[in-house]
Amino acid sequence: MHLIMIFALICAFSYAYHVPVDQGYNVPSRDAYNDYIHPSAPRDNVARRKTSKNQHSDRKRSADGSANNVFLLQKNNYYVTIYIGSPPQKFNVFLDTGSYELVISNTGSGSSGGFNCGSSSTCKVQNVPYGHVPWGEGYKVYDNVCLDPLGKYCTTQPVSFSVANGSYMFGDDGVWGVTIASFWKDSTTSLYPNSQPLNQILQNKNCPRPTFSVLMNNYQLPEWWSYCYAESNYEQGIVYIPKADDETDSWDVEIQAIYYGTDTLLQGPYGNGEMDTGNNHMGLPTQAYNQFFDIIGGDTDQQTYGCDQGSLLDFIVTLNGVNFTIPVANYIDPFSADGPICYLRVDDAETNTGLNSPLLSNYFNVFDPYNNRVGLAPLTF
């Protein structure tokens, strides 16, 4: 298993290079790949598809300090730096638009020594247990949450979040769920309004615009996220897509069509597609999934394909009358225990569709929870 993990990390650095397939190699089981790349985890309030740390970016954007550091972990999984308590304790947490809760580890498995409520003068322990696989048991607390160490971008009052007696996968400090539902409703155990930390932060006096923006990419550009506004150099290019008119809690939008090259996989309107930064796979309904693998001649059971990216094509997704591209590099992952076999980050989602980070990482993203919409803009560098 250690050899598998090491090889996978090497592959993640070299995914852009062509490696011919040798038919003499054995393809590892899909289950082994799932265990490594995206272990089973509950859907509602923890990040899915966690990956191992193999790249690091520590860039800052914007003059007023409203852009936070982002740490890139493998392909399209991102961490942001937050500060909790008085004096502030620093954590790098997984930013996940597909879940709704802030969960911090107290074990010190990540970049910090773990959250210590007793070391914060503003922390109060709730009489509410927390239990969630794979974190294990824990408890809930109230404390202040900030996006900067100087206290400019902070919650206006203590918020409820979970402290877990365990770590999640590869050494991170926690997960910060910012699904749209977390801006609409409070925790049933909260003593304070707006228990989603970002809800309070976006609405405080230092935020001229209550949105948050994410730039996710595979191309060694600055990885970053900002809060309170979208940068001016993207303003003219942003296409806003309304949240689908349904009862779901996620950032989902109505899909009008999906094409693979010139082949039509979905023609609609066809349901809704989720925009989840915590999911580095795209999902297709079963019929479209099978059609895609038939076209490329891939293995639907193992989700494998030879690593010749030159023979693959981009996906084109139509949203709100505008076509958006999912490039080949965003949905192929080199991984093998025994040789250069590539897995495709395209899942059989049965009746659902997930656009997720394969689409988001090709664009500048703006999440606007108060106008119920997601904005996408072409990258300008």
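The values are calculated or read from the model by the stated rules, or taken from the named source; none is laboratory data. Owing to the predicted nature of the structure, the values given are computational and were not obtained by experimental measurement. Quick reminder, even Gly has a Cβ in these numbers, built from the backbone with ideal geometry, and neighbours come from all protein chains shown.
Of all the residues that make up segment 145-163, how many are in a strand (DSSP E or B) and in contact with a Cys (Cβ under 9 Å, 6 or more places away or on another chain)?
4
Within segment 267-294, how many residues are assigned to a loop (DSSP other than H, G, I, E, B) and either outside the structural domain of residue 350 (by TED's automatic domain parsing) or out of contact with any Gly (no Cβ under 8 Å at 6 or more places or on another chain) (or both)?
Residues in segment 267-294 being assigned to a loop (DSSP other than H, G, I, E, B) and either outside the structural domain of residue 350 (by TED's automatic domain parsing) or out of contact with any Gly (no Cβ under 8 Å at 6 or more places or on another chain) (or both): 6 in total.
For every residue, the table says whether it meets (1) at pLDDT below 75; (2) surrounded by 20 or more Cβ atoms within 10 Å (Cβ to Cβ); (3) touching a helix residue (DSSP H, G or I) at 6+ places or on another chain (Cβ under 8 Å).
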site	(1), (2), (3)
204	no, no, no
209	no, no, no
249	no, no, yes
255	no, yes, no
274	no, yes, yes
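If residue 298 satisfies every condition in (1) over 22 Å from residue 374 (Cβ atoms); (2) out of contact with any Leu (no Cβ under 7 Å at 6 or more places or on another chain); (3) small (Gly, Ala, Ser) but one, which is the exception?
Exception for residue 298: condition (2).
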